[in-house]
Structure formats: C-alpha cells, structure tokens
Amino acid sequence: MSQEKTAETFFHSKFFRGLTNEELQPLADICQRKHLKAHSVAIRQNDPATHFYTLISGALMLERTSRSGRRQVIGFSFPGDFVGFTSGDEFDYSVVCLQESHLQTFPQKKFLEAVDNHPILKKNARNIGNGILGQALDQLFALGQKKAHERLCFLIDQINHRQPGTDRSAIELIMSRQDIADYLGLTIETVSRAFAKLKKDGVISIESAHKVKILDTEALEQMASAH
C-alpha cells in the first residue's frame, strides 16, 4: 500500500490522528479491507476476538444476546469509529451492518504490538477508551433516569453529533424502530408514542420512517443531557 493511499484511508479515524504517512505504513502493511452488504454480520458474539476494525463507510449496530434469546442493542458505530474492544478472548457482542459498509481489519496481536511501541497510538487508544466509557455511563444514566421521549432525544442527539454530513438538523435513522426500542430499553409501541410526543411538542418533525428534522435544538439537547 502506498503512502498516498495510507493517508487517504487512515486519517479518517481518531485512532490514527497525529501520525505521519511514514508512521502509518506499518499499520497499512497489516491492514486488510472488508466490504459487507447491508444486514450482514461483521462480528459474531462468542467468536474468537482476533481482529480490530475501523469503519470507513456505512453504519454498524452492536448488540448482545442472552442465553434465553433476549437482545440488547448496546451501540451504533459510524465512519471513523473503532470496533473490536472486548473484555476477553472472545467477542462479547455481535456487530451487524445497518447498511452496506467498508471496514479496515487489523490482526489484534500485531495491532497491539504497534500500539505498545508508539506513544501517539497509546494516547489515542486511551482517549478512545475514555470516550467509550463516557458514552456507556451516559447511556446507563439515560436508561435509568429518563422518560421515554427523553431517551429518544438522547439517541437523536448522539446521532446528530456523530453522523457524517454537514446538516446537523437532518437526522437519518438508519436503524429500525425495533432496534431503537432495544437500545433504549423500551417497547416498540412506547418508541412510537415518544416520536409522536416530540413531534406534537415541536421538538422534531418526522420527514419519513428513517429521517427526522430537529426543530428545537435547545429543547432536544436539554432532554438528552446526561449531566
């Protein structure tokens, strides 16, 4: 992989911020591209955790299923996000492509060696880990303390700050209503009522089944806040 290509494909991710083309080259040498269709599985729960992934384009959903078959959606990933952290030798969640997605894959052992040998990568890894912890704490607070329509504001606000594009008021909800319900700990009927309430209160307009527009940013952010 040429250095020009390295810069093009690596600088989009926070993990590689601050690295030169020359410093990125060893990572490019161990990187492979992966193209997945919409609704395909990128990572299966309980499979050996052998690789890390960065998302170049598309969108991913992280979900965990209990032995009884109950599902909890634990997060959504957008271009630039890093996926593959796990607590042990196996993935404790699955990753599903919500739309056609392109990923970079890195062998876990070689990638961790590169991180250990480079101060900037170590710093970036620590910052990303702290960010993931912060997001998890915010989600726990939202699920435990907020009403249904406030939880929905929490999700919309998350997407608003993470989705690609320049129009921060137009939100593409690429996930299904059931996915939203399983992320927010609600029933699909309650999610529908939450959408209706936010629309009635003038906080959002519903453009289509998968697109909403924020009409009152201040109100939405206040209800979404975990602080």
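Listed here are the residues, each with its yes/no results for (1) within 16 Å of the chain's Cα centre (by Cα); (2) modelled with pLDDT under 85.
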site	(1), (2)
Gly131	yes, yes
Gln135	yes, yes
Gln145	no, no
His149	no, no
Pro164	yes, yes
Leu184	yes, no
Ile188	no, no
Leu198	no, no
Single unsatisfied condition, Gln139 versus (1) surrounded by fewer than 16 Cβ atoms within 10 Å (Cβ to Cβ); (2) of a type in the set (S, T, N, Q); (3) over 22 Å from Thr50 (Cα atoms): (1)
Could you list, ordered by first residue, the pairs with Cβ atoms under 8 Å in which the first is in the range 21-38 and closer than 19 Å to Lys109 by Cα and touching a residue at least 40 places away in the same chain (Cβ under 8 Å) and the second is part of a helix (DSSP H, G or I) and open to solvent by 70 Å² or more (accessible area, probe 1.4 Å), at least 6 apart or interchain? Ile30/Lys110
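The values are calculated or read from the model by the stated rules, or taken from the named source; none is laboratory data. All figures in this text were calculated on a predicted structure; none of them were measured in a lab. When we count neighbours, we look across all protein chains shown, and the Cβ atoms used for this are built from the backbone with ideal geometry, even at glycine. With ligands, DNA and RNA removed, areas are computed over all heavy atoms of the protein, side chains included. Shrake-Rupley method; radii C 1.70, N 1.55, O 1.52, S 1.80 Å.
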